[in-house]
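Undergrad: The structure is given below, and queries will be raised subsequently.
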Amino acid sequence: MRRYPMFVNLEGRHCLVVGAGQVGLRKIRSLAECGASPLTIIDTRQPDAALLELAKRPGVRLLNRRFEDSDLDGVFLAIAATSDGTLNRRIASSCTDRGVLCNVIDAPEAGNFIVPSSVVRGDLTIAVSTGGASPALTKRIRKDLQERFGEEYAQLLTLMGHLRPAVLAIGQGAPENATLFRTLVGSRLLEAFRREDRPLAESELVTILPRELHHLIPELLDGLA
């Protein structure tokens, strides 16, 4: 079955992770970084230093006990990450009964969503999934993407995010704005960021941007050598 690709806003959403082993910790960290709150963690083992550090984050709650079905009340998304396959499937079944999104780490088919492998460069996220058919191929593609998309993409995306409201504010028409943004993306800015070549970046921006935005260039390139 083909899965529907989707990026979900977890800001202020109640999420639950049951099981805080090595995989569970990665899931917890990822959810916290995406703004999940409250974020409840349930694990029967004594927490290690890494888990205790995560539990200090605002909105994170650590419960050192067994999972109960009532823990799913009000939960938007749950991850079953225990070493007990039977318990993981029970959590998935309870999620289905409550209409809760659920990912099961050891049995993806038991849940209703899977977490793709991803490459993150600032606000850019590239997700890869082979639908469970070949994790090895997923890892290969992810490695290729990591090599192809460097930190220069994060820098360009940050620049575009800062520049967009200023461009819209000068009152050009939509076609002119679309052309401007396409020109920026197709320019040598990526090359300049990759080489940490500030003069090249400045030259590109001076050429492309309307004159009334030239005063923003030093701020847009702040931190670039």
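The values are calculated or read from the model by the stated rules, or taken from the named source; none is laboratory data. Treat the numbers as computed from the prediction; the structure is a model and nothing was measured. Note that each Cβ is placed from the backbone with ideal geometry, even for glycine, and that neighbours are counted across all protein chains shown. Each accessible area value is taken on the protein alone, full model and side chains, heavy atoms only, with ligands, DNA and RNA left out. Shrake-Rupley method; radii C 1.70, N 1.55, O 1.52, S 1.80 Å.
Undergrad: Got a number for residues in region 123-142 being under 30 Å from residue 220 (Cα atoms), open to solvent by 50 Å² or more (accessible area, probe 1.4 Å) and out of contact with any strand residue (DSSP E or B) (no Cβ under 6 Å at 6 or more places or on another chain)?
TA: Number of matching residues: 1.
Undergrad: Scan region 143-180 residue by residue and report those that are of a type in the set (Val, Ile, Thr) and under 23 Å from residue 223 (Cβ atoms).
TA: Our first condition is that a residue be of a type in the set (Val, Ile, Thr); within region 143-180, this holds for 158, 167, 170, 179.
Answer for region 143-180, where residues must be of a type in the set (Val, Ile, Thr) and under 23 Å from residue 223 (Cβ atoms): 158, 167.
Undergrad: All but one of (1) free of Cβ contacts under 8 Å to residues at least 60 places away in the same chain; (2) out of contact with any strand residue (DSSP E or B) (no Cβ under 6 Å at 6 or more places or on another chain) hold for residue 42, so report the exception by its number.
TA: Condition not satisfied by residue 42: (2).
Undergrad: Looking at region 70-110, which of the residues that are at pLDDT 95 or above, in contact with a helix residue (DSSP H, G or I) (Cβ under 7 Å, 6 or more places away or on another chain) and in a loop (DSSP other than H, G, I, E, B) is surrounded by the fewest Cβ atoms within 10 Å (Cβ to Cβ)?
TA: Applying the filter and picking the extreme gives 100.
Undergrad: Let me ask something else. Using the structure shown, decide if residue 120 is surrounded by 13 or more Cβ atoms within 10 Å (Cβ to Cβ), assigned to a loop (DSSP other than H, G, I, E, B) and out of contact with any helix residue (DSSP H, G or I) (no Cβ under 7 Å at 6 or more places or on another chain).
TA: Numbers: surrounded by 13 or more Cβ atoms within 10 Å (Cβ to Cβ): yes; assigned to a loop (DSSP other than H, G, I, E, B): no; out of contact with any helix residue (DSSP H, G or I) (no Cβ under 7 Å at 6 or more places or on another chain): yes.
When the stated conditions are applied, residue 120 does not pass them.
Undergrad: Just give me the residues in region 19-66 being among the basic types (Lys, Arg) and either more than 28 Å from residue 123 (Cβ to Cβ) or in contact with an Asp or Glu (Cβ under 6 Å, 6 or more places away or on another chain) (or both), in sequence order. Full working, then the answer.
TA: Filtering region 19-66 down to residues among the basic types (Lys, Arg) leaves 26-27, 29, 45, 56-57, 61, 65-66.
Passing the criteria: 45, 65, 66.
Undergrad: Being closer than 23 Å to residue 9 by Cα and open to solvent by 60 Å² or more (accessible area, probe 1.4 Å) is the requirement here; does residue 57 meet it? Lay out the reasoning, then the answer.
TA: Details: closer than 23 Å to residue 9 by Cα: yes; open to solvent by 60 Å² or more (accessible area, probe 1.4 Å): yes.
Judged against the criteria, residue 57 is a match.
Undergrad: Take residue 82 and tell me if it is of a type in the set (Ser, Thr, Tyr) and either over 28 Å from residue 109 (Cβ atoms) or out of contact with any Gly (no Cβ under 8 Å at 6 or more places or on another chain) (or both).
TA: When the stated conditions are applied, residue 82 does not pass them.
Undergrad: What are the residues in region 172-225 that are open to solvent by 50 Å² or more (accessible area, probe 1.4 Å) and small (Gly, Ala, Ser), if any?
TA: 174, 186, 203, 223, 225
Undergrad: Name, by its number, the condition in (1) in contact with a Phe, Trp or Tyr (Cβ under 9 Å, 6 or more places away or on another chain); (2) more than 21 Å from residue 1 (Cα to Cα) that does not hold for residue 101.
TA: If we test residue 101 against (1) in contact with a Phe, Trp or Tyr (Cβ under 9 Å, 6 or more places away or on another chain); (2) more than 21 Å from residue 1 (Cα to Cα), just (2) comes out false.
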